[in-house]
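S.K.: Before anything else, here's the structure in question.
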Amino acid sequence: MARTQSPDYEDRRAAILEEAAKLYAERGFLGASIADLAAACQVSKSLVYHYYAAKEDILFDVMQSHVQALLETGERIASGDGGAREKLIALTHEFMQLYVGAASRHKVLLNELDRLPADRRRIVVDIQRRLIALVEHLLEEIRPDLAGRLSRPAAMLYFGMINWTHTWLDPEGAVTPDEIAALAVTIFLDGICKPT
């Protein structure tokens with residue numbers, strides 16, 4: 001007879017994933033062992049292996065869950081009401097909130113993607129490409145002259161503005177993540193030196 005899952009199975013798995021994201025962000029994937037993760041979670045190694053068969057499975061879930069949350073947010077906003085400009089503004093604000101709430105996952109994604117086996121790396125990269133294409137489409141609606149050759153570079157410049165905020169933005173600091181999102185999208189859409 002198959003073993004039944006405990007009622008808190010998903011919560012415990014999510015807690016392991018969150019600790020793994022912090023640990024991998026701080027020490028790197030290769031610098032953190034399953035024993036380190038078990039200690040951070042205050043559980044046994046065998047319990048970690050109950051939830052994840054291999055260390056690489058944990059790394060994949062850290063990355064995949066992060067990019068999937070970004071894509072789902074993007075698709076929800078892109079399919080909603082409003083024009084492309086308003087959608088890009090909303091998207092930037094929501095992305096910034098996701099980045100702040102998942103700074104460790106974001107750092108792991110940016111620094112450890114090459115540690116995934118090729119088949120799993122392709123899954124994460126495919127989700128990233130779908131997200132980039134979504135932003136490209138919005139930018140082409142805003143600026144039709146970008147279509148084709150310039151829409152991809154423009155989308156990459158957009159992500160370049162917001163993807164590295166985890167390295168310097170203090171969510172509890174004097175400037176809020178929402179203010180940073182507003183500044184970033186204003187600079188991107190209108191330019192920082194445009195007269196008001």
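S.K.: In whole Hz, what ³J(HN,Hα) sequence does region 113-119 give by Karplus (6.51, -1.76, 1.60; θ = phi - 60°), x for Gly and Pro?
M.R.: Rounded to whole hertz, the list is 4, 5, 7, 6, x, 3, 5.
S.K.: Using the Cβ atoms and a cut-off under 14 Å, what net charge is assigned to the surroundings of Arg149, where Lys and Arg are +1 and Asp and Glu are -1?
M.R.: On the way: positive: Arg143, Arg152; negative: Glu136, Glu140, Asp145.
That sum, taken over residues with Cβ under 14 Å, equals -1.
S.K.: To continue, here is another question. What ranking do Lys87, Lys45, Lys55 get, fewest neighbouring Cβ atoms within 10 angstrom at the top?
M.R.: On the way: Lys87 22, Lys45 15, Lys55 19.
By the 10 Å Cβ count, ascending, the order reads Lys45, Lys55, Lys87.
S.K.: Rank the residues Ser104, Ser6 as a footprinting-exposure proxy: fewest other Cβ atoms within 10 Å of their Cβ go first. Show your work: numbers first, answer last.
M.R.: Working: Ser104 20, Ser6 10.
Lowest count first: Ser6, Ser104.
S.K.: Short version: ³J(HN,Hα) in whole Hz for each residue of region 123-128, in order, from phi by Karplus 6.51 cos²θ - 1.76 cosθ + 1.60 (θ = phi - 60°), x for Gly and Pro, what are they?
M.R.: Computed from phi, the couplings for region 123-128 are 4, 5, 5, 4, 5, 4 Hz.
S.K.: Mean residue ellipticity at 222 nm from the helices of the chain, using -39,500 (n - 2.57) per DSSP H segment of n ≥ 4 over the full residue count, to the nearest 500 deg cm²/dmol? Write out the running numbers ahead of the final one.
M.R.: Values: 9 runs with 137 residues, N = 196.
Theoretical 222 nm ellipticity from helices: -23000 deg cm²/dmol.
S.K.: If you work out P(r) over Cα pairs in 10 Å bins from 0, in percent from the coordinates, which of [x] 8, 31, 31, 19, 8, 2, 0, 0; [y] 8, 33, 39, 18, 1; [z] 10, 38, 36, 14, 1 do you get?
M.R.: After the calculation, the listed value that fits is [x].
S.K.: Another question, if that's okay. What do you get for GluC sites (Glu not before Pro) in region 97-196 restricted to DSSP loop and a cutoff of at most 15 other Cβ within 10 Å of the site's Cβ? Please list the in-between numbers first.
M.R.: On the way: sites: Glu112, Glu136, Glu140, Glu141, Glu172, Glu179; in loops: Glu172.
Those that pass, being in a loop and sparsely packed, are Glu172.
S.K.: Another one. In what order do Ser44, Ser79, Ser151 fall by count of nearby beta-carbon atoms within 10 Å, going from fewest to most? Could the numbers behind the result be given before it?
M.R.: Details: Ser44 12, Ser79 9, Ser151 21.
Placing the least packed residue first, the sequence is Ser79, Ser44, Ser151.
S.K.: Would you give the gap between the C-alpha center of region 118-157 and the C-alpha center of region 10-43, rounded to a whole Å?
M.R.: 32
S.K.: Here's another thing I want to ask about it. Can you run phi through the Karplus equation (6.51, -1.76, 1.60; θ = phi - 60°) for region 64-77 and list ³J(HN,Hα) in whole Hz, with x for Gly and Pro?
M.R.: 4, 5, 5, 5, 5, 4, 5, 5, 4, 4, x, 5, 5, 5
S.K.: In percent, how large is the relative contact order of region 55-190, given Cα pairs closer than 8 Å and 6 or more residues apart?
M.R.: Values: 104 pairs, mean separation 45.7, N = 136.
Value for region 55-190: 34 percent.
Throughout, read-outs are computed from the coordinates displayed, never taken from laboratory work. On a predicted model such as this, the values are computed, not experimentally measured, just so you know. Every residue, glycine as well, gets a Cβ built from its backbone with ideal geometry; the counts of neighbours run over all protein chains shown.
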